[in-house]
Amino acid sequence: MADFKLVVSDPKSGKAYNIDVAGAKTNKFIGRPIGSEVEGDAAGLPGYKLVITGGSDKDGVPMRGDLPGQVRRRVLVSGGEGYHPVSDGMRRRKLLRGNEISGDLVQVNARVAEYGEKSLDELVPKKEKDAKKEAAAPARAPAKK
């Protein structure tokens, strides 16, 4: 069974929430292309609707919306997802993944299309690891001149 992290972006607040999706819940996402809507129940967000915006696999290869299928391909691109040229007219052959979600993905990105009754802060638990890092981070001493 494929397990991945779902990064949900909230356009109202500008925050992103990291949710682990595992087991049978991943079947709601697999086979869906970029731009399709998914019920938030699959990610533990009842009442929400999410729009898939992209993702990447274990090697960091990004998905591209205009490339059909689930597999990786080496494509000659001049801009867009996966390549940002330095000057006009530059093209490069890049390894990109198709626009359908597969079991090989490690991260799937989505944004909120419709909101539920509860806020995302209430539904997504804050990780203890993040709180410990903030508390344990030592105060930086000013730089010596």
Does Pro68 satisfy being free of Cβ contacts under 8 Å to residues at least 40 places away in the same chain and either of a type in the set (Lys, Arg) or closer than 28 Å to Ala42 by Cβ (or both)? yes
For region 19-55, how many residues are part of a strand (DSSP E or B) and either farther than 16 Å from Val106 by Cβ or touching a residue at least 60 places away in the same chain (Cβ under 8 Å) (or both)? 9
Quick check on my filter: what residues within region 1-18 are assigned to a strand (DSSP E or B), surrounded by fewer than 16 Cβ atoms within 10 Å (Cβ to Cβ) and of a type in the set (A, V, I, L, M)? Ala16
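So which residues in region 91-111 are of a type outside the set (Ser, Thr, Tyr) and either within 23 Å of Ala24 (Cβ to Cβ) or exposed (fewer than 12 other Cβ atoms within 10 Å of the Cβ) (or both)? So that I can check it myself, show each step before the final result.
Taking region 91-111 and keeping what is of a type outside the set (Ser, Thr, Tyr), we get 91-101, 103-111.
Hits for region 91-111 are Arg91, Arg93, Glu100, Ile101, Gly103, Asp104, Leu105, Val106, Gln107, Val108, Asn109, Ala110.
Given the structure, is Gly44 buried (at least 17 other Cβ atoms within 10 Å of the Cβ), under 21 Å from Asp121 (Cβ atoms) and touching a Leu at 6+ places or on another chain (Cβ under 7 Å)?
Working: buried (at least 17 other Cβ atoms within 10 Å of the Cβ): no; under 21 Å from Asp121 (Cβ atoms): yes; touching a Leu at 6+ places or on another chain (Cβ under 7 Å): yes.
In short, no.
Quick one: in region 4-43, of everything that is of a type in the set (Asp, Glu) and over 13 Å from the mean Cα position of the chain (by Cα), which residue is farthest from Pro62 (Cα to Cα)?
Residues of region 4-43 that are of a type in the set (Asp, Glu), as a first pass: 10, 20, 37, 39, 41.
Within this subset, residues satisfying the condition of being over 13 Å from the mean Cα position of the chain (by Cα) are 37, 39, 41.
Values: Glu37: 20, Glu39: 23, Asp41: 25 Å.
Per the stated criteria, the residue is Asp41.
Since every read-out is calculated from the coordinates, none of them should be taken as a lab result. These figures come from a predicted structure and were not determined experimentally. Because the Cβ atoms are built from the backbone with ideal geometry, glycine has one as well, and the counts that use them run over all protein chains shown.
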